Structures are given as structure tokens and as C-alpha cells.
Amino acid sequence: RKEVEQDPGPFNVPEGATVAFNCTYSNSASQSFFWYRQDCRKEPKLLMSVYSSGNEDGRFTAQLNRASQYISLLIRDSKLSDSATYLCVVNRGDTGRRALTFGSGTRLQVQP
Amino acid sequence: GAVVSQHPSWVICKSGTSVKIECRSLDFQATTMFWYRQFPKQSLMLMATSNEGSKATYEQGVEKDKFLINHASLTLSTLTVTSAHPEDSSFYICSALTPNTEAFFGQGTRLTVV
């Protein structure tokens, strides 16, 4: 089983739609969680950190469920510019090394 | 956010030669940097963890004699791909951890070995 699993998509949605991505992680000792965005042939960029209480940044809402080892990202009112691959990222706390483990990413294509 | 600069952004080299990639944190000190490799349509795979002033920690299956990592200062880590072969062609990305453990990435280096 992969350490971090995501639905690869692609998700094809019209502009203005609401779309949700899910991610599960296998290491219960994981300490911190992030969503990154990666555009084609570019480096990943931090979109938002994910906290147990849930957090919102404009049209983006992230949720963490530690009991189920599940992370989600909700995008409201999708824009064309939201088209990218969204990476679920988990900090591996078990080995003491602060390394990030990436999911394989979920591709989003927002269509006019 | 913090700035991490990676150089070169792309390189083409002949099989058997070595290529050095630099990763610099421009506005913060990074005791820890990471090197990743990404093949087309695949996820980023951690190759090694680079710690300033000590030896790098390599992930299973990554040859430390082939991928030489040097982290000589708090703002610079280098990855040298030695005796490169076509199968080493990939997108190499570094990241650096800020003091509050956020990771920022370099722009990536697209390596093509011919």
C-alpha cells in the first residue's frame, strides 16, 4: 500500500463548479499535512497547510480527519487558472527525518 | 514565501559525463534540503535528505556513489549525477525546509542524457 494515496483523476469540471479531492495516508504517526499545486513541468508550490480544525483560504477549504487518516481539499467556484495537479503531502514523523511524502497527485482540468 | 533557487533549469549531457545541480535558499538558512526525482506523469520520489555539515541520507534503491550530495553551507546543497546514462534523464527538484518546517521548492532541473 502506498504511503499517500490519491485519486489520479483527471477531474474535468466546468468553470464555477465545486470540486473535492481526497487523500488517505497510511502512517498514523504522520505529523503535518499539506496540499501543493504543481503546474505542468514546474515545481510544486505550497497551496495550504491542513489542520485538524480545518482551514479555509478564499475558495479553498482543507480538512483533516486523523481517526480515518484522511485529508480533503475543496475548491469552490472553480476558475480556469485552477487547472493543475494537486498533490497531497504528508510529513513522515516516524523516522525522525523531516521528509515529505507526496501522493501521486490529482489532475484538475477546469473547462470554459 | 521563501525563495529557493535551483540551477541549471535544464541540461543536456552526453552519456558517461557528470552533471552538477545546485540548490540555494536565498532568504533563509536551511539545515535540511531534499532532492527529488520525477519521471513523466509520476509522483515526486524522494532520493535523499541533505543535512548541512554531515553525510546525506539516501532512500532505498538510490545509489549514493552515483548521486553525490554535498551540503557545505546553510544555503547551498549540490547534487552531482556521475557517469550519467539515458535512464537518468528526469526532472530533479530540490526543496529546503524553513525554520518553521514549510518546504519550498527550487524550479527543478530537466536533465536529458543522450
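The values are calculated or read from the model by the stated rules, or taken from the named source; none is laboratory data. Computed from a predicted model, the values in this text were never measured in an experiment. Glycine gets a Cβ as well: all are built from the backbone with ideal geometry, and neighbour counts include every protein chain shown. We work out accessible area using only protein heavy atoms, side chains counted, and drop any ligands, DNA or RNA first. Shrake-Rupley method; radii C 1.70, N 1.55, O 1.52, S 1.80 Å.
Can you confirm whether residue B:54 is at pLDDT below 90, surrounded by fewer than 16 Cβ atoms within 10 Å (Cβ to Cβ), hydroxyl-bearing (Ser, Thr, Tyr) and not in a strand (DSSP E or B)? Here the answer is yes, as residue B:54 does meet what is asked. Look at residue A:22 and say whether it is touching a residue at least 12 places away in the same chain (Cβ under 8 Å), closer than 28 Å to residue B:35 by Cα, within 14 Å of chain B (Cβ to nearest Cβ) and out of contact with any His (no Cβ under 6 Å at 6 or more places or on another chain). Against the criterion (touching a residue at least 12 places away in the same chain (Cβ under 8 Å), closer than 28 Å to residue B:35 by Cα, within 14 Å of chain B (Cβ to nearest Cβ) and out of contact with any His (no Cβ under 6 Å at 6 or more places or on another chain)), residue A:22 does not qualify. Looking only at the stretch A:8-31, how many residues end up being open to solvent by 30 Å² or more (accessible area, probe 1.4 Å) and among the β-branched types (Val, Ile, Thr)? Number satisfying all stated conditions: 2. Take residue B:100 and tell me if it is polar (S, T, N, Q), at pLDDT 90 or above and open to solvent by 50 Å² or more (accessible area, probe 1.4 Å). So residue B:100 fails the test. With respect to being within 14 Å of chain B (Cβ to nearest Cβ), out of contact with any His (no Cβ under 6 Å at 6 or more places or on another chain) and part of a loop (DSSP other than H, G, I, E, B), residue A:88 falls outside the description.
Within the stretch A:69-85, track down each residue that is in contact (Cβ under 8 Å) with a residue 40 or more places away in the chain and of a type in the set (S, T, N, Q). Across the stretch A:69-85, the qualifying residues are A:69, A:72, A:78, A:85. Return a yes/no flag: does the stretch A:60-81 have any residue that is within 18 Å of residue B:38 (Cβ to Cβ) and either buried (at least 20 other Cβ atoms within 10 Å of the Cβ) or more than 14 Å from chain B (Cβ to nearest Cβ) (or both). No; the residues of the stretch A:60-81 include none that is within 18 Å of residue B:38 (Cβ to Cβ) and either buried (at least 20 other Cβ atoms within 10 Å of the Cβ) or more than 14 Å from chain B (Cβ to nearest Cβ) (or both).
Go through the stretch A:41-53 and report how many residues are open to solvent by 20 Å² or more (accessible area, probe 1.4 Å) and in contact (Cβ under 8 Å) with a residue 40 or more places away in the chain. So the answer is 0. Of the listed requirements (1) open to solvent by less than 70 Å² (accessible area, probe 1.4 Å); (2) more than 11 Å from chain A (Cβ to nearest Cβ), residue B:43 misses just one: (2).
Of all residues in the stretch B:84-96, those satisfying the criterion of being open to solvent by less than 50 Å² (accessible area, probe 1.4 Å) and farther than 15 Å from residue A:43 by Cβ are B:84, B:88, B:89.
Residues that are within 12 Å of residue B:29 (Cα to Cα) and not in a loop (DSSP other than H, G, I, E, B) were ranked within the stretch B:73-103; the one that is nearest to the other protein chains (Cβ to nearest Cβ) is B:97.
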